[in-house]
Amino acid sequence: MASKASIRSAAAGYLDGFKAAGAEVVEADILQPASTLLDLYGEDIRARAYVTQDPLRGEQMLRPDFTVPVVQMHMAEGAEPARYTYMGEVFRRQEEDTGRPSEYLQVGYEVFDRDAPEAADAEVFALIAKALAPLNLRAATGDIGILKAAVTGLKTSDRRKAALLRHIWRPRRFRALLDRFGGRSAQPAAREALLEAADPMACDVPLTGLRTRVQIAERISALQKDAALAPISGEEVELLDTILSLRETTPNVLTALRDIAVDMPALRPSADKLARRLEALAKQGIDVDHLEFEASYGRTALEYYDGFVFGFYAETRPDLPPVATGGRYDALTQVLGQGREIPAVGGVIRPGIAAEIAEGAA
């Protein structure tokens, strides 16, 4: 385990590199309003964060990352375009892996620029790749936007598409929904019995929970309409499965997406974005011919990523989490900007892991 002194030294070096690239240094409070994160991610975030109650400010959360407060700051008062960097502790509960620290340093770099999103993607990725080059890490990339575009292009109801989009970051739930909407699996037995009842609301069971009888009736009506719909076609399900299984070098994935887009035209804009990103990465000196791309990559990360995603890993230390991660989060700026938006992308380095790998290789 690297010492705190070596970790802080490594962090300061990364921060200096990001400052030299033109980023403004910003700070974020350690205590963040829990309501903002709960509104964004639902109650799932509680399992990963430390939550406390403040008698004056309400429920508070120890900072689980920097992106949300940096976006809030920029949307409130930032000029365009903007580049920010930061260094500080974040706090994550580790109930499943008690060997991993619950408090660790992050150093990050965020870009808010609406003129050339793919160039900004390449800038962030290349800057972090250059900073980590001495560690000889494996880079992995993906694009959440490709899967979102494929789901949006399905020939099915808006309700089904919304459900699939909501669960993109929960792969098992997404799979279960796709199988059910595609007719590959049956409704849960209790739900099927409810929908087959002549009058599902005709019972003397007392209401529990927060939903009213009207809300329950509306939910049952929506489920009945969904059950009456034709399943998503087998061809479309197979195309989605093909997209989810894509794992190749990025140029080969681009070729495959162009082929799939012949049958799923909704993918064409995503393929065009990927082509522009490849060109921008090449201009940054990245060897795109050997750059890995996995269409499912990033689906278990924080849910604000909605486009390009990436991570850097030590192949000799598969026990370690990624040394760096990042991605595009355009939709988050719209949510936190109360209608205003700006394309944004960023990434973070975990200097503690970087220092541990460096010391092991020394």
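Odds and ends about this structure:
- The set of residues in the stretch 110-123 being open to solvent by less than 10 Å² (accessible area, probe 1.4 Å), closer than 15 Å to Ile286 by Cβ and not aliphatic (A, V, I, L, M) consists of Asp121 alone.
Here's the yes/no breakdown for (1) closer than 19 Å to Ala120 by Cα; (2) more than 19 Å from the chain's Cα centre (by Cα); (3) of a type outside the set (Lys, Arg):
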{"position": "Leu244", "(1), (2), (3)": "no, no, yes"}
{"position": "Thr250", "(1), (2), (3)": "yes, yes, yes"}
{"position": "Ala266", "(1), (2), (3)": "no, yes, yes"}
{"position": "Arg276", "(1), (2), (3)": "yes, yes, no"}
{"position": "His290", "(1), (2), (3)": "no, yes, yes"}
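This table checks each residue for (1) assigned to a helix (DSSP H, G or I); (2) in contact with a Cys (Cβ under 8 Å, 6 or more places away or on another chain); (3) surrounded by 15 or more Cβ atoms within 10 Å (Cβ to Cβ); (4) modelled with pLDDT under 95.
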| residue | (1), (2), (3), (4) |
| --- | --- |
| Tyr86 | no, no, yes, no |
| Glu95 | no, no, no, yes |
| Gly108 | no, no, yes, no |
| Phe125 | yes, no, yes, no |
| Leu132 | yes, no, yes, no |
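- Candidates Glu218, Glu238, filtered to the one that is open to solvent by 90 Å² or more (accessible area, probe 1.4 Å), assigned to a helix (DSSP H, G or I), of a type outside the set (Phe, Trp, Tyr) and at pLDDT 70 or above: Glu238
- Each residue in the stretch 41-52 was checked for being touching a residue at least 24 places away in the same chain (Cβ under 8 Å) and either open to solvent by less than 70 Å² (accessible area, probe 1.4 Å) or within 19 Å of Ala344 (Cβ to Cβ) (or both), and 3 of them qualify.
- Selection status of Ala79, within 27 Å of Ile128 (Cα to Cα) and without any contact (Cβ under 8 Å) to a residue 60 or more places away in the chain: yes
- The stretch 156-179: number of residues that are open to solvent by 20 Å² or more (accessible area, probe 1.4 Å), closer than 12 Å to Leu240 by Cβ and in a loop (DSSP other than H, G, I, E, B): 1
- Selection count where residues are part of a loop (DSSP other than H, G, I, E, B) and either under 25 Å from Asp65 (Cβ atoms) or not small (Gly, Ala, Ser) (or both), scope the stretch 262-301: 14
- When residues of the stretch 53-84 are limited to those that are out of contact with any Leu (no Cβ under 8 Å at 6 or more places or on another chain) and in a helix (DSSP H, G or I), the one most open to solvent (accessible area, probe 1.4 Å): Glu77
- Considering residues of the stretch 255-290 that are farther than 30 Å from Ala21 by Cα and hydrophobic (A, V, I, L, M, F, W, C) only, the residue most open to solvent (accessible area, probe 1.4 Å): Val262
- Some residue of the stretch 292-307 being more than 21 Å from Val151 (Cα to Cα) and either open to solvent by 10 Å² or more (accessible area, probe 1.4 Å) or out of contact with any Ser or Thr (no Cβ under 8 Å at 6 or more places or on another chain) (or both): yes
- Contacts under 6 angstrom Cβ, first residue in the stretch 320-333 being among the hydroxyl-bearing types (Ser, Thr, Tyr), partner assigned to a strand (DSSP E or B), 6 or more apart: Thr325/Gly311; Tyr329/Ala344; Thr333/Ala344
- Count of the stretch 310-349 residues, restricted to those that are open to solvent by 10 Å² or more (accessible area, probe 1.4 Å), touching a Phe, Trp or Tyr at 6+ places or on another chain (Cβ under 9 Å) and either in a strand (DSSP E or B) or over 25 Å from Glu24 (Cβ atoms) (or both), is 6.
The values are calculated or read from the model by the stated rules, or taken from the named source; none is laboratory data. Please read all numbers here as calculations on a predicted model, not as lab measurements. Cβ atoms come from the backbone with ideal geometry, glycine included; neighbour counts cover every protein chain shown. The protein model used for the area step is the full one, side chains on, heavy atoms only, and it has no ligands, DNA or RNA in it. Shrake-Rupley method; radii C 1.70, N 1.55, O 1.52, S 1.80 Å.
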